[in-house]
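Asks: Dumping the structure here so I can ask a few things about it.
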Amino acid sequence: MKVKKAVIPAAGLGTRVLPASKACPKEMLNIVDKPAIQYIVEEAVRAGITDILIITNRGKGVIEDHFDHAFELEEALKKKNRAQMLAELETIAGLANIFFIRQKETKGLGHAVLAAKSFVGNDPFAVLYGDDVIIGEDPAVGQLCRAYDEYGLGVVGVKEVSVEAIQKYSSLEVEPLKERVFKVTDMIEKPTPDQIFSLYSILGRCVLPAKIFEILENTPLGAGNELQLTDAMKTLAREDSMTAVDFTGIRYDMGSKLGIMQANVEVALSHNEIGEDFKAYLKEIAKGL
Ligand code: UTP
């Protein structure tokens, strides 16, 4: 596989999940017993990615701590003979080569990705949005990387969403290439009902050529006076250089309160330690709804 590098932007303000995200980055919010960003790093690693750059900002040092060794804790677990938990903690610190850089101003997702320019060099790279957790057998980003290997073009991860939802996201103009894979010919951010191309929207993952940096540097500020990654990807689409993969797996929006609850309930139901007890609890609760 050609894509070995990934970028995880995690420098947003997370205003939709305040006050939870006031002192704790939303990417560190829990899904049962792991922070959201760990699921994302694990997805990238399962897809064969070896080098990961996490874009953080002031106040997000806990993300760095999470992917580092915690010697005091590890010593305490050794003394208590908690071998399994010790092994789990040690694994987190060795998942991949993880690097960090700070986005000095919160000027949008495109601006955050631009901070990855020297890390990426001339290689193609994956972007995994730090608040979009996707759970499935076949890692979503791996499905995009395979499309990159096959077509050599940028790839966006897409799903069909409702007419109401698409007006808050992006809408893509697509032509089918093969099962679950499309050519993208145009896209629009936050379309009004008469501007909707299709119900396919970009959700949480993309694979981009290094050329995107030059495009980003020449893209004017867009919605919210921020540098929008979708504006730069639109340029690629109009140059005939973009494909889309309707990935398998369930996506949870950890930047929204409902998404956080859905992720927690569904992961808890299949959790090997608490799954059965949680199911019994939910059934009991459901009787009174
Ligand atoms: P969002 O638009 O969901 O993040 O960006 P946000 O700005 O935190 O959201 P709200 O609306 O205030 O709740 C998607 C991803 O891009 C990152 C975020 O951390 C998130 O993982 N991001 C966004 C950055 O790294 N830098 C930015 O300037 C903006």
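Coordinate-derived values only; no laboratory data. Everything numeric here is computed off the predicted structure, so don't read it as measured data. Cβ: placed from backbone, ideal geometry, glycine included. Neighbour counts: every protein chain shown.
Asks: With Cβ to Cβ distances under 14 Å as the rule, what net charge do the other residues near residue 282 carry (K, R +1; D, E -1)?
Replies: -1
Asks: What whole-number distance in Å separates the alpha-carbon centres of the stretch 6-27 and the stretch 142-192?
Replies: What the calculation gives is 25 Å, centre to centre.
Asks: Run the numbers for residue 162 and residue 2: contour at 0.36 nm per residue of separation, minus the present Cα-Cα distance, in nm.
Replies: The span from residue 162 to residue 2 would gain 54.2 nm if fully extended.
Asks: Still on this structure, I have one more. Below 18 Å, Cα to Cα, which aspartates and glutamates can residue 79 reach? Residues fewer than 8 away in the same chain don't count.
Replies: Partners found: 88, 90.
Asks: Now, a different point. Hull surface divided by four, with the convex hull built on the Cα atoms of the stretch 216-289: how many nm²?
Replies: 8.6
Asks: Let me ask you something else. Does the stretch 1-126 come out rounded, prolate or oblate, given a ≥ b ≥ c as the square roots of the eigenvalues of its C-alpha gyration tensor, rounded meaning a/c under 1.5 and, failing that, prolate meaning a/b above b/c?
Replies: Taking the square roots of the gyration eigenvalues as a ≥ b ≥ c, the stretch 1-126 is oblate.
Asks: Continuing with the same structure: Roughly speaking, what is the centre-to-centre gap between the stretch 79-97 and the stretch 215-289 when only Cα atoms are used, to the nearest Å?
Replies: 28
Asks: Taking every DSSP beta bridge that has both residues in the chain, what percent is antiparallel when rounded to the nearest 5?
Replies: 60
Asks: Any chance you could list P(r) for the stretch 157-289, counting all Cα-Cα pairs in 10 angstrom bins from zero, rounded to whole %?
Replies: In order of increasing distance, the bins hold 11, 32, 29, 16, 11, 2 percent.
Asks: Using packing as a proxy for protection, rank 262-270, 49-57 so that the peptide with the highest average count of other Cβ atoms within 10 Å comes first.
Replies: 49-57, 262-270
Asks: If packing is taken as the average number of other Cβ atoms within 10 Å across a peptide's residues, how do 242-248, 188-194 rank, most packed first?
Replies: 242-248, 188-194
Asks: Within the set of other residues whose C-beta is less than 15 Å from the C-beta of residue 253, count the net charge using Lys and Arg as +1 and Asp and Glu as -1.
Replies: My count for the surroundings of residue 253 gives +2.
Asks: Taking a label point 7 Å from the Cα of residue 265 along the Cα→Cβ vector, which residues of the stretch 17-33 have an amide N closer than 16 Å to it?
Replies: From the stretch 17-33, the list is 31-32.
Asks: Using all Cα-Cα distances in the chain, what percent lands in each 5 angstrom bin from 0 up to the longest?
Replies: Computed distribution, short to long bins: 1, 5, 11, 15, 18, 17, 13, 8, 5, 3, 1, 0, 0.
Asks: Suppose each label sits 7 Å from its Cα in the direction of the beta carbon; what would the residue 90-residue 190 distance come out to in nanometres?
Replies: 5.0
Asks: Counting Lys and Arg as +1 and Asp and Glu as -1, what is the net charge of the other residues whose Cβ lies under 12 Å from the Cβ of residue 169?
Replies: Counting the neighbours of residue 169, the net charge comes to -1.
Asks: Sticking with this one: Pull up the cross-link candidates among the aspartates and glutamates for residue 5, meaning alpha carbon to alpha carbon under 12 Å and not fewer than 8 places away within one chain.
Replies: 51, 123
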